[in-house]
2 protein chains.
Amino acid sequence: MTDASNAAPLAPRAIADVPSWEAEADVVIVGYGCAGASAAIEARQAGADVLVVERATAGGGASAMAGGEIYLGGGTAVQKACGFDDTPEAMYTYLMAATGPGPNQAKVEVYCERSVEHFQWLVDCGVVFKESFYERPCWEPPTDDGLVYTGGENAWPFNQIAQPAPRGHIPQMEKKRPGEKSGGWMLMQHLSATAEAAGARVMPDTRVSQLVVEPDGRVAGVIARQFGAEVALRARRGVVLASGGFMANADMVAQHAPLVAGQMVLGTDGDDGTSIRLGQGLGAAVAHLDAAQTAMPSVPLLVYPSILVNQYGQRFINEDTYCGRSGQAAVFHQQARCSLVLDEKIFESVPEADRWGYRPTWVCETVAELEAEMGLPLRSLQSTVDLYNEHASRGEDPLFHKRAEFLRPLQSPFGAIPLNGLPYAVFTLGGLVTTVDGEVIGPGGEPIAGLYAAGRATSGIPSWGYASGTSLGDGTFFGRRAGRAAASARPRVE
Amino acid sequence: MTDASNAAPLAPRAIADVPSWEAEADVVIVGYGCAGASAAIEARQAGADVLVVERATAGGGASAMAGGEIYLGGGTAVQKACGFDDTPEAMYTYLMAATGPGPNQAKVEVYCERSVEHFQWLVDCGVVFKESFYERPCWEPPTDDGLVYTGGENAWPFNQIAQPAPRGHIPQMEKKRPGEKSGGWMLMQHLSATAEAAGARVMPDTRVSQLVVEPDGRVAGVIARQFGAEVALRARRGVVLASGGFMANADMVAQHAPLVAGQMVLGTDGDDGTSIRLGQGLGAAVAHLDAAQTAMPSVPLLVYPSILVNQYGQRFINEDTYCGRSGQAAVFHQQARCSLVLDEKIFESVPEADRWGYRPTWVCETVAELEAEMGLPLRSLQSTVDLYNEHASRGEDPLFHKRAEFLRPLQSPFGAIPLNGLPYAVFTLGGLVTTVDGEVIGPGGEPIAGLYAAGRATSGIPSWGYASGTSLGDGTFFGRRAGRAAASARPRVE
């Protein structure tokens with residue numbers, strides 16, 4: 001049952017109730033993940049005195065845990081070097097189709113127009129992208145290749161909607177091992193080094209709990225806990241909320257996105273919705289709080305040539321799409337009850353190291369036996385496999401349009417990997433409504449003076465549908481814009 | 001594209017900026033639908049001076065447009081007279097299963113415990129429920145019968161979860177004609193007559209636009225427009241927000257529930273989210289803003305014995321469930337792209353008057369021909385009908401568990417009624433978070449002093465899943481409690 005107090009908006013504190021300030025800056029940034037770091041860099045470069053407040057002992061947040069794909073396109077140097085012609089228009093068309101329902105047109109537009117510039121900015125921060133393309137289906141390349149498909153751009157229906165191009169750009173790691181530090185960690189190394197070299201101050205082990213407001217409603221700073229003591233931190237120009245989404249707050253999840261309740265938190269304890277609740281306490285608008293990225297608990301190499309079936313033994317999506325997309329389909333539309341049905345030939349085609357330990361729970365000579373072992377309704381899976389095989393034998397999939405290269409009739413011996421009960425790795429996508437400059441929209445549709453936000457504390461590029469890389473992508477992109485806007489805000493009048 | 005200003009929270013006005021009050025009351029109620037009227041009755045009976053503010057020229061709102069089913073149970077006089085044994089426990093078990101994901105346990109609990117008392121209260125307000133049961137599948141009985149199944153209680157999976165009982169109680173109408181005034185209108189006649197007889201004052205043609213707050217945040221009244229002029233209405237004890245949901249606000253729908261964007265608004269222009277936005281402007285918590293009741297655009301008599309297929313020619317639900325439930329499945333999980341497949345025998349079994357004009361777009365001798373006419377993938381519908389018929393011939397439906405009485409193999413000639421593009425009648429279910437006493441939860445999880453809410457402006461009994469009658473049910477039930485709580489609140493100190 002929802003505990004209202006853990007999910008509720010957080011009340012601001014009147015500046016009259018702040019006896020003294022323990023520290024001051026032009027711009028106070030809450031959270032030191034990719035959005036906070038990017039805001040810090042830009043704000044500092046715009047001449048502002050910057051203080052980044054982070055609840056953990058070091059920065060990084062969920063960004064540093066990420067695979068590291070950054071969604072960039074429109075013709076980056078890496079795309080060109082790898083032989084892909086991409087345009088801002090194709091990128092825009094894809095994102096408008098893939099990030100809905102309810103895509104954020106204004107954000108998608110500026111994000112695509114300025115994506116090549118943003119790529120260059122990341123390079124200027126020291127991020128290295130190797131000019132090589134990894135073409136096999138994957139969550140993230142096991143290599144140090146710099147470019148990969150991350151959103152099903154080359155699969156149905158998007159390959160019918162926009163000219164496909166891979167847009168997942170991955171910071172290069174010299175020694176990359178599965179499960180160890182990866183591209184997201186590397187990205188954060190460069191961003192935090194750049195921010196700190198530029199002169200941003202970082203205050204770790206400090207947990208923000210309140211916004212401070214002036215009598216006219218303008219945000220003037222934050223209240224935080226630091227080693228048990230309360231500190232007040234004054235922001236002369238603005239506060240940037242960038243402490244992530246709310247997947248680690250079970251009460252918020254129950255209240256807004258109950259279909260992902262109980263799934264695996266992809267993030268840190270800090271993804272507890274604090275930024276969103278701080279904004280709501282000032283009357284900030286929120287959007288798409290039901291949305292969440294949900295990673296299919298399997299490996300794309302196994303999923304693409306197999307068939308995904310629901311609890312009725314039916315297929316429900318083209319298996320060769322981005323596995324975050326099939327994961328969303330499974331969790332939001334199939335009650336997270338589905339299985340992967342494959343055959344020995346498919347299983348054997350995937351090197352053991354790339355199977356991540358997944359293997360069939362059942363192996364049977366016939367589909368009828370497999371159906372019975374899986375507890376599926378009589379004839380349901382047989383009917384599905386018959387139909388799939390009939391079409392696949394002609395290289396066709398008129399139902400879901402899987403590409404011919406992944407179509408082959410399943411043949412004995414058959415196997416199944418049940419995904420019921422396996423954890424889908426989830427982070428939330430809904431959050432504060434912001435302008436393209438990171439201003440938080442408040443009462444009357446006007447920006448709340450002195451308040452900015454970026455990253456997964458906001459509803460950004462992925463309104464609902466997702467592509468890997470859009471979070472590090474919009475976190476860095478709109479984090480920069482929020483930092484710049486905050487730095488140029490009218491300073492508080494004494 | 002979303003216009004932030006139409007969807008954003010609404011800023012309160014400081015009491016210092018209110019030069020004079022045009023009217024005063026202990027309790028000011030915003031909206032004169034079933035929740036507002038019920039709040040008015042209880043507040044007045046508790047001794048409070050009550051002013052109901054309504055933007056239309058007369059009360060009624062969406063409540064008066066409703067079929068009139070009120071979800072009541074646990075052993076009402078009507079249930080007993082019709083031979084149904086119901087208990088608060090069975091009602092609770094059903095509602096906890098049917099109104100999720102994320103059911104509101106606290107509200108469901110008190111709602112079930114006190115449902116028989118609430119039934120009696122409605123009777124005391126003059127509402128007449130005829131002690132007769134209408135047993136055919138329907139949206140609302142074409143007769144004046146007083147009891148009907150409205151939530152799929154007797155269909156899978158709920159018939160496996162809780163002892164089924166019909167709980168849709170319908171105010172009797174002497175002369176009822178399809179499409180004319182119905183039970184909801186009759187309910188509102190009795191509630192408004194009771195409220196006004198008790199001494200509640202009603203101010204029509206008055207549109208509330210702001211809450212007025214004291215320096216400590218307590219709500220002290222409202223600002224409204226009345227024939228072009230602004231009026232300030234003082235609430236000495238409390239304001240009750242009861243102006244409905246937000247289906248008529250396209251920008252809010254785009255921001256929170258884009259899957260129902262463009263569907264038919266089941267309600268009035270007043271269902272524009274004003275109450276929700278007023279609460280948000282004070283930092284009120286919201287929940288389940290993505291949820292919506294979505295009525296299948298067909299008639300249950302035709303749907304139950306037919307099969308519902310999606311754009312892949314697959315079935316996706318037991319067709320004999322509540323058609324609001326299959327409507328939600330279609331809109332939220334099947335992209336609102338589905339069709340009803342039936343045969344001549346089914347069609348002929350429904351009297352013409354009960355078909356509401358629905359008739360097959362295509363009639364074919366074979367399923368293969370029908371599949372082609374419908375533009376479904378080759379062999380998809382044939383596969384589905386083969387499987388359905390094979391099981392139906394034995395009176396079974398192992399996939400979706402439709403009851404045997406609605407199972408019969410489809411036979412030539414076959415027909416199909418495409419539902420793509422037909423309007424689903426929708427109202428939103430998400431809204432303000434309130435306690436069981438109608439207090440609006442604000443910053444810190446604490447009630448906002450002086451602010452109450454009820455009806456579809458709140459997230460109530462139907463958190464996400466729906467049963468017909470739960471809106472008039474929780475609107476009247478929690479409207480009463482909000483009115484009583486507001487009436488007994490500490491009056492504002494001068």
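The values are calculated or read from the model by the stated rules, or taken from the named source; none is laboratory data. Fair warning: this is a prediction, and the values are worked out from it, not measured in the lab. For neighbour counting, all protein chains shown are included, and Cβ atoms are generated from backbone atoms with ideal geometry for every residue, glycine included.
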Is it fair to say residue B:254 is modelled with pLDDT of 95 or more and surrounded by 17 or more Cβ atoms within 10 Å (Cβ to Cβ)?
yes
Selected residue (only one of A:459, A:488, A:463, A:471 is modelled with pLDDT of 95 or more and surrounded by fewer than 24 Cβ atoms within 10 Å (Cβ to Cβ))
A:488
Positions within region A:19-38 being touching a strand residue (DSSP E or B) at 6+ places or on another chain (Cβ under 6 Å) and surrounded by fewer than 19 Cβ atoms within 10 Å (Cβ to Cβ), in sequence order
A:21, A:22, A:23, A:24
Is there any pair with a first residue in region B:339-368 that is closer than 15 Å to residue B:406 by Cβ and a second that is assigned to a helix (DSSP H, G or I) whose Cβ atoms are under 6 Å apart and which are 6 or more apart or on different chains, and what are they?
B:350/B:301; B:350/B:302
The number of residues in region A:63-75 that are over 21 Å from the mean Cα position of the chain (by Cα) and crowded, with 24+ Cβ neighbours inside 10 Å is 0
Picked from region B:186-229 (must be among the hydrophobic types (A, V, I, L, M, F, W, C) and surrounded by fewer than 16 Cβ atoms within 10 Å (Cβ to Cβ)), the residue nearest to residue B:34 (Cα to Cα) is B:193
Taking region B:119-159 and keeping residues buried (at least 22 other Cβ atoms within 10 Å of the Cβ) and among the aliphatic types (A, V, I, L, M) leaves B:122, B:127, B:147, B:148, B:155
Those residues of region B:211-268 that are under 25 Å from residue A:460 (Cα atoms) and more than 28 Å from the chain's Cα centre (by Cα) come to a total of 0
Among residues of region B:89-101 being surrounded by fewer than 23 Cβ atoms within 10 Å (Cβ to Cβ) and within 14 Å of chain A (Cβ to nearest Cβ), the residue farthest from residue B:129 (Cα to Cα) is B:101
Out of A:394, A:403, report the one residue that is over 16 Å from residue B:398 (Cβ atoms) and touching a residue at least 60 places away in the same chain (Cβ under 8 Å).
A:403
Quick check on this structure: which one of B:439, B:446 is buried (at least 18 other Cβ atoms within 10 Å of the Cβ), acidic (Asp, Glu) and within 14 Å of chain A (Cβ to nearest Cβ)?
B:439
Report, by residue number, each residue of region A:14-32 that is closer than 16 Å to residue A:483 by Cα and touching an Asp or Glu at 6+ places or on another chain (Cβ under 7 Å).
A:25, A:26, A:31, A:32
Of the conditions (1) under 30 Å from residue B:23 (Cα atoms); (2) touching a Lys or Arg at 6+ places or on another chain (Cβ under 9 Å); (3) surrounded by fewer than 24 Cβ atoms within 10 Å (Cβ to Cβ), residue B:267 fails just one. Which one is it?
(3)
For helices (runs of 4 or more DSSP H) lying entirely in region A:91-198, having 2 or more residues that are hydroxyl-bearing (Ser, Thr, Tyr) and touching a residue at least 12 places away in the same chain (Cβ under 8 Å) picks out A:183-197
Being within 16 Å of residue A:91 (Cα to Cα) and touching a Leu at 6+ places or on another chain (Cβ under 7 Å) is the filter here; which residues of region A:120-167 pass it?
A:166, A:167
Name, by its number, the condition in (1) buried (at least 24 other Cβ atoms within 10 Å of the Cβ); (2) within 14 Å of another protein chain (Cβ to nearest Cβ) that does not hold for residue A:323.
(2)
Scan of region B:1-56 for residues that are at pLDDT below 95 and of a type in the set (D, E, K, R), ordered by number
B:3
Would you confirm whether any residue within region A:47-55 is out of contact with any Pro (no Cβ under 7 Å at 6 or more places or on another chain), under 28 Å from residue A:254 (Cα atoms), of a type outside the set (Val, Ile, Thr) and buried (at least 21 other Cβ atoms within 10 Å of the Cβ)?
yes
For region B:326-337, name all the residues that are surrounded by 24 or more Cβ atoms within 10 Å (Cβ to Cβ) and either touching a residue at least 40 places away in the same chain (Cβ under 8 Å) or part of a loop (DSSP other than H, G, I, E, B) (or both).
B:327, B:328, B:330
Out of region B:247-277, which residues are more than 10 Å from every other protein chain (Cβ to nearest Cβ) and either without any contact (Cβ under 8 Å) to a residue 12 or more places away in the chain or in a helix (DSSP H, G or I) (or both)?
B:250, B:262, B:274, B:275, B:276
Please go through region A:326-360 and give me each residue that is of a type in the set (Lys, Arg) and within 14 Å of another protein chain (Cβ to nearest Cβ), ordered by number.
A:337
